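Chemist: This is the structure I want to talk about, given as C-alpha cells.
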Amino acid sequence: MGTKAELRRWLLAQRTAMSDGDRQLAGRRLAERGLVWASALGRPGSSTGPHEGESPASDGPTREESASSDGSHRSGSPSSVPTGAPGRIAAYLSVGTEPPTLPLMALLVERGHEVLVPVCESGFRLQWVRWMPGIELLRSPWAPVDEPVGRRLPLDIMEEVAGILLPALAVDRAGNRLGKGGGYYDRFLATLDGLGHRPATAAVVFEHELLEPGRIEFDELDAPVGGVLTPQRYLDVPESGR
C-alpha cells in the first residue's frame, strides 16, 4: 500500500484519463442509483437505505436518455425506483473529473426531495444552503469551487437530514474514505458524531474506486462512512470494520 499522496495521484490520473462520454454516462447512472438510495431513506428514522442487492449493477440502459449532462430530466418513471416519502438530502456539486452529481441532484428535486449543498467557511468548516436547479453560484473565498448563494442554515438542520452524500477519491469496504486532503468533511462528521446525530452517509465514487480494506491509510481524525454509492450500485459498509 502506498502513501495517501501516492494513492491520490494514481486515482486522479485515472479520473483524468476517463472520456467525457464515459463520465456523462456515469452521471446519468449515478442519478438512478442515488434516487433509489435517497427514496429508501425517506424521512429521518426510516430505513437506513437499500442494500447492495437492491440496487444491482447493470451494463444495459438504466434510463440513460432521461437525464442530460446539464442536470435536466425528461419524463418517465421506472418501476424499479421506490416512491417513498421524499426527504432532505445533503449532497455536493461535483467539480472537474469527479463523478457528476448534478443529474442526481436535479432528479432528487424533481421527485420532491429537498437538497442541501455545502459552502466552505474559515477554519475548514462547512455550512449548508438549499439548492435548486438554476440557483446562482459564486466562487468560494476558501476553496476552488463555486457555491450556491443563499441563507446559511444552522448546524441543527442536520437533525432533519436523512442522508449525506460525500465526495471522495476512493473508499474501501471497511468505510475508510480518501478525500483530497482538505479535511472539511472529516471535521464535519466528527462534529455530528459529537452531537450524537449523524444521518446515513455515502461516499460517491466510480466503481473502480471502491477498494478492498487495507488500501487506504487512516488515523483517528479520519471519519469513516456507512455506505458507498457508485454508478453501478449502493453498498453498505461496516463503519466499525476497520
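Chemist: Which ones in segment 206-242 are more than 21 Å from Val161 (Cα to Cα) and among the aliphatic types (A, V, I, L, M)?
Modeler: Leu210, Leu211, Ile216, Leu221
Chemist: Does Ala200 count as within 27 Å of Ala106 (Cβ to Cβ) and touching a residue at least 60 places away in the same chain (Cβ under 8 Å)?
Modeler: yes
Chemist: Turning to a different aspect of this structure: I need a count of the residues in segment 106-148 that are under 23 Å from Gly183 (Cα atoms) and in a loop (DSSP other than H, G, I, E, B).
Modeler: Residues in segment 106-148 being under 23 Å from Gly183 (Cα atoms) and in a loop (DSSP other than H, G, I, E, B): 6 in total.
Chemist: So, Glu98, is that one modelled with pLDDT under 95 and of a type in the set (Asp, Glu) or not?
Modeler: No: the conditions fail for Glu98.
Chemist: All but one of (1) part of a helix (DSSP H, G or I); (2) in contact with a Pro (Cβ under 6 Å, 6 or more places away or on another chain) hold for Glu159, so report the exception by its number.
Modeler: Glu159 satisfies every listed condition except (2).
Chemist: Would segment 131-143 turn up any residue that is surrounded by 15 or more Cβ atoms within 10 Å (Cβ to Cβ), modelled with pLDDT under 95 and more than 15 Å from the chain's Cα centre (by Cα)?
Modeler: Yes, there is a match, as at least one residue in segment 131-143 is surrounded by 15 or more Cβ atoms within 10 Å (Cβ to Cβ), modelled with pLDDT under 95 and more than 15 Å from the chain's Cα centre (by Cα).
Chemist: If I ask for residues that are under 12 Å from the mean Cα position of the chain (by Cα) and without any contact (Cβ under 8 Å) to a residue 40 or more places away in the chain, which ones from segment 94-115 would you list?
Modeler: Passing the criteria: Met105, Val115.
Chemist: Just need a number here: residues in segment 152-173 that are over 14 Å from the mean Cα position of the chain (by Cα) and crowded, with 20+ Cβ neighbours inside 10 Å.
Modeler: Summing the residues that are over 14 Å from the mean Cα position of the chain (by Cα) and crowded, with 20+ Cβ neighbours inside 10 Å in segment 152-173 gives 2.
Chemist: Which residue, of Ala190, Ala203, is of a type in the set (Gly, Ala, Ser) and either in a strand (DSSP E or B) or in contact with an Asp or Glu (Cβ under 6 Å, 6 or more places away or on another chain) (or both)?
Modeler: After applying the criteria, what remains is Ala203.
Chemist: For segment 224-231, state whether one or more residues are touching a helix residue (DSSP H, G or I) at 6+ places or on another chain (Cβ under 7 Å), more than 24 Å from Leu108 (Cα to Cα) and modelled with pLDDT under 95.
Modeler: no
Chemist: Just to be sure, is Arg9 modelled with pLDDT under 85, more than 17 Å from the chain's Cα centre (by Cα) and surrounded by fewer than 16 Cβ atoms within 10 Å (Cβ to Cβ)?
Modeler: no
Chemist: Looking at this structure, is Arg215 of a type in the set (Lys, Arg), outside any loop (DSSP other than H, G, I, E, B) and surrounded by fewer than 20 Cβ atoms within 10 Å (Cβ to Cβ)?
Modeler: no
Chemist: Would you say Leu137 is in contact with a Pro (Cβ under 7 Å, 6 or more places away or on another chain), within 23 Å of Arg8 (Cα to Cα) and of a type in the set (A, V, I, L, M, F, W, C)?
Modeler: no
The values are calculated or read from the model by the stated rules, or taken from the named source; none is laboratory data. As the structure is a prediction and not an experimental result, all values here were calculated from the model. So basically every Cβ, Gly included, is an ideal-geometry build from the backbone, and we count neighbours across all protein chains shown.
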